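The values are calculated or read from the model by the stated rules, or taken from the named source; none is laboratory data. Keep in mind that what you see is a predicted model, and the values were worked out from it rather than measured. Because the Cβ atoms are built from the backbone with ideal geometry, glycine has one as well, and the counts that use them run over all protein chains shown. Just the protein is used for accessible areas: all its heavy atoms, side chains included, with ligands, DNA and RNA removed. Shrake-Rupley method; radii C 1.70, N 1.55, O 1.52, S 1.80 Å.
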Amino acid sequence: PEAQDIVLVVVDDGTLRRLTMRWPYPRSLYAEALKRLKSFSPKVIGLDFVFSGNDFLSESDETFAQALREAGNVVMATHWSSEGEVGPSPLLREAAYGVGVVDKPRDPDRVIRRSYVTFPAPSETLRSWEFEILSKAFPPRLMRDVPRDRPLLIDYRLRIGQFQQMPFWKLFEIEIDNPPAPNRIFLVGLTSEAFHDIHASPLGSMPGLGVNANTLLTMMSQTFFVFAPR
């Protein structure tokens, strides 16, 4: 039942066909998307994009930052590795509610089965993108139950097509058919294979957005794997 609280807003093949502007889209477009999402009274909006560097137009960054401030509930993604962090510019980071790491380790067979909840960066401890979303959407009690002393095994429940979805391009229609119910968690990200963000999971090939959605769902449903001693 927790999956009913998650809505995926997907940049799919249909979006690439209908929005004829070049990729990457200008950040002013995401600013407009946040304004449109506001009409659904979202608990939290997770942007599964790493907005590193600056946009082609400086005013586009300013417009996006202002939309982030007005929304007040947007969690942005960052990439972290042993070489350091690649994430939003200080302007966008300060304007967002939070920033979380989306990276997942791969097992020797290249399948993603686990996620880190915290990342011990040199200067600070970073939290995962999903954990940041959880902290905004739910009371602290739910956060306390998430294990942080070991990698979190992802309890994959749904394939990408089983989550409630809305194409990104539909946000810019005058009227939206079958709009999502209010007070949901909106995760915005890529599903088109044109972006090659496809990963091996226990449920087969899955876009990164689907892996992240299942990670969040594991935290929300509190279905944590327990290791038994030999």
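Remark: the chain carries a charge dipole of roughly 620 debye about the Cα centre, counting +1 on each Lys and Arg Cβ and -1 on each Asp and Glu Cβ.
Comparing V74, V111, V188 in a Gaussian network model of the chain (Cα springs below 10 Å), the most mobile by mean-square fluctuation is V111.
If you take every DSSP beta bridge whose two residues both sit in the stretch 13-157, what share of them, in percent to the nearest 5, is antiparallel? Looking only at bridges with both residues in the stretch 13-157, the antiparallel portion is about 55 percent. When the accessible area of the stretch 143-230 is split by element with a 1.4 Å probe, what percent falls to carbon and sulfur? Heavy-atom surface of the stretch 143-230 belonging to carbon and sulfur, 1.4 Å probe: 49 percent. Label-to-label distance, D13 versus S82, with points set 7 angstrom from Cα along the beta-carbon direction: 3.9 nm. Karplus-based coupling profile of the stretch 82-99, in residue order and whole Hz: 5, 8, x, 9, 10, x, x, 5, x, 4, 6, 4, 5, 7, 7, 5, x, 9, with θ = phi - 60° in 6.51 cos²θ - 1.76 cosθ + 1.60 and x standing for Gly or Pro.
Amide hydrogen proximity for V117: with H placed 1.01 Å from N in the peptide plane, the residues at 5 or more positions away or on another chain lying under 5 Å are L152. A probe of 1.4 angstrom, applied to the heavy atoms of all protein chains, finds D5 with accessible area near 40 square angstrom. In the assembled protein chains, E124 presents an accessible area of approximately 90 Å² (probe radius 1.4 Å).
With helices as the sole contributors, the chain gives -8000 deg cm²/dmol at 222 nm; each DSSP H run of n ≥ 4 counts as -39500 (n - 2.57), and the sum is divided by every residue. For W23 and V111, the difference between the fully extended length at 0.36 nm per residue and the C-alpha to C-alpha distance is 28.8 nm. Average accessible surface for the chain: 50 Å² per residue, computed with a 1.4 Å probe over protein heavy atoms with every protein chain in place. Of the candidates I174, I154, I133, which one comes out as most mobile in a Gaussian network treatment of the chain with C-alpha springs shorter than 10 Å? For the chain, modelled as a Gaussian network with Cα springs under 10 Å, the answer is I174.
Order L16, L153, L57, most accessible first, counting only protein heavy atoms with a 1.4 angstrom probe.
L57, L16, L153
A full extension of the chain between R230 and N54 corresponds to an added length of 58.2 nm, given 0.36 nm per residue minus the alpha carbon distance.
Among the GluC sites (Glu not before Pro) within the stretch 136-198, those in coil by DSSP and having at most 15 neighbouring Cβ atoms inside 10 Å are E173, E175.
Only protein heavy atoms count here; on that basis, with a 1.4 Å probe, W23 has an accessible area of about 100 Å². Taking a threshold of 26 Å on the Cα-Cα distance, which of the pairs K38/K104; K104/K136; K104/K170 fall above it? From K38/K104; K104/K136; K104/K170, over 26 Å: K38/K104; K104/K170.
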